[in-house]
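A quick write-up on the structure given underneath.
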Amino acid sequence: MRMLQAKHDIPKLLELMDQDRELFVPVRDEGGGRFARWSDLDLSVNEDIENTLMLAGEATRRPAKDQLFAETATLFRFRLEQGDFHLEEPPPGPSPRVLFGVRPCDGRGFQVIDTLLVGPHGGDTAYQQAREANLLVGVGCKTPGPDCFCTSVGGDPHSSDGLDVLLTDLGDAFLLESITEPGRDWLSGLQKHGVGFLHDAGKRDAERARVAQHEARQRVPRQVDTSRLPKILERSFNSDVWATVAPACIGCGACTFLCPTCRCFDIQDLVQGSRGARVRVWDSCMFREYTQEASGHNPRIRRAQRWRNRFYDKFHWSGDGRGNPACVGCGRCITHCPSGIDLVEMIERVTSAEGGA
Ligand code: SF4
Ligand code: SF4
């Protein structure tokens with residue numbers, strides 16, 4: 001299903017989206033951008049919306065992942081009564097939401113997280129509930145950010161992977177395309193109420209979208225050959241190349257917390273008196289404590305070992321279950337690394353250190 005929406009009517013569209021489901025949008029802020037509840041913003045005119053919402057291609061510093069895979073999530077609460085533990089009713093799942101303006105790389109990031117937290121034999125309930133409650137409406141990247149390299153890792157500025165609906169910027173209008181069944185149902189619901197400003201798209205609109213998508217692809221600023229990495233990494237585990245990055249890395253973990261595919265967590269029991277809660281909190285393999293064992297032994301005591309682990313997780317051990325690596329090329333870990341460590345340069349360094357074949 002394809003619809004066309006004139007850009008000057010975008011305030012009406014957003015208001016309409018906020019009626020049945022809670023709407024979240026990507027907003028520019030001093031911290032580099034984040035998703036915020038639409039009803040908390042005071043944006044009624046087009047100019048405010050264009051200046052505040054990040055829809056052109058620049059990624060929010062915090063990825064869409066933290067809307068579904070929260071930094072801290074309460075899994076359940078418990079209480080101690082007469083010497084026995086009792087589980088309390090789990091908190092209600094999230095209400096239906098629309099996450100509007102998801103970057104296509106963030107959509108692909110959810111597919112990587114799904115491989116761990118949504119399993120055929122049951123997964124993480126809190127994440128699965130959030131996944132089901134959120135409709136992911138992506139906006140293609142007309143102007144990809146300076147460190148983007150999505151096309152080098154199987155992606156595209158208009159990839160629809162992991163999204164329910166995809167918007168393409170046609171200059172004066174957006175083309176809205178449904179990708180999944182829930183996306184199609186949601187679009188037809190919008191159509192019923194958006195009479196007068198949501199129109200059926202024609203063949204010519206679809207053709208304009210293909211041209212815009214092709215042009216956006218040419219604007220992805222960075223390219224790197226990752227095709228040989230799986231073979232190269234089979235023999236690079238003991239390479240000296242890992243030590244070359246270690247002196248610069250300060251082990252802050254920003255590259256993992258801002259990564260749309262990093263999904264490591266710790267489980268903690270927070271207890272006060274006779275009541276407590278089991279919570280899931282993000283963890284980072286860039287922290288020394290991550291692999292600290294009770295015996296005192298730590299298999300990744302050195303920073304080079306931790307860096308190597310992260311690199312292997314992205315390009316060798318994990319993936320999206322569809323043959324692509326666990327890196328979606330968003331460039332956040334490059335843009336926001338306080339030490340200026342550049343993953344694309346690191347890929348080139350690993351490749352050339354091993355003879356590139
Ligand atoms: S963001 Fe940079 S300095 Fe911080 S842990 Fe990652 S690579 Fe190291
Ligand atoms: S490893 Fe870096 S470039 Fe790749 S998905 Fe994570 S943050 Fe983005």
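The values are calculated or read from the model by the stated rules, or taken from the named source; none is laboratory data. None of the values given here were measured: they were computed from a predicted structure. Here the Cβ positions follow ideal geometry from the backbone for every residue, glycine too, while neighbour counts run over all protein chains shown.
Close Cβ contacts (under 8 Å, 6 or more residues apart or on different chains) running from residues in segment 127-141 that are not assigned by TED's automatic domain parsing to the domain that holds C264 to residues that are assigned to a loop (DSSP other than H, G, I, E, B) and of a type in the set (S, T, N, Q) comprise A133/S95; G138/S160. Of all the residues in segment 337-357, those that are more than 16 Å from D225 (Cα to Cα) and more than 19 Å from the chain's Cα centre (by Cα) number 4. Out of curiosity, is G331 loosely packed, with under 14 Cβ neighbours inside 10 Å and either within 16 Å of ligand 1 (Cβ to nearest atom) or free of Cβ contacts under 8 Å to residues at least 40 places away in the same chain (or both)? Answer is no for this residue. From the list C252, C285, the lone residue that is touching a Cys at 6+ places or on another chain (Cβ under 9 Å), in contact (Cβ under 8 Å) with a residue 40 or more places away in the chain, among the hydrophobic types (A, V, I, L, M, F, W, C) and not assigned by TED's automatic domain parsing to the domain that holds P91 is C252.
For segment 291-308, a residue qualifies if it is surrounded by fewer than 18 Cβ atoms within 10 Å (Cβ to Cβ) and either free of Cβ contacts under 8 Å to residues at least 40 places away in the same chain or in contact with a His (Cβ under 8 Å, 6 or more places away or on another chain) (or both), and the qualifying residues are T291, Q292, E293, A294, S295, G296, H297, N298, P299, I301.
Those strands (runs of 3 or more DSSP E) of segment 40-155 that lie entirely within it include none in which at least 3 residues are within 16 Å of ligand 1 (Cβ to nearest atom) and among the hydroxyl-bearing types (S, T, Y). A single entry from F100, F76 fulfils the requirement of being over 19 Å from the mean Cα position of the chain (by Cα) and surrounded by 13 or more Cβ atoms within 10 Å (Cβ to Cβ): F76. Among the residues examined, L163 qualifies as in contact with a helix residue (DSSP H, G or I) (Cβ under 8 Å, 6 or more places away or on another chain), in a loop (DSSP other than H, G, I, E, B) and in contact (Cβ under 8 Å) with a residue 60 or more places away in the chain. Can you work out which of the residues in segment 292-336 that are among the polar types (S, T, N, Q) and under 25 Å from the mean Cα position of the chain (by Cα) is farthest from ligand 2 (Cβ to nearest atom)? This residue is N309.
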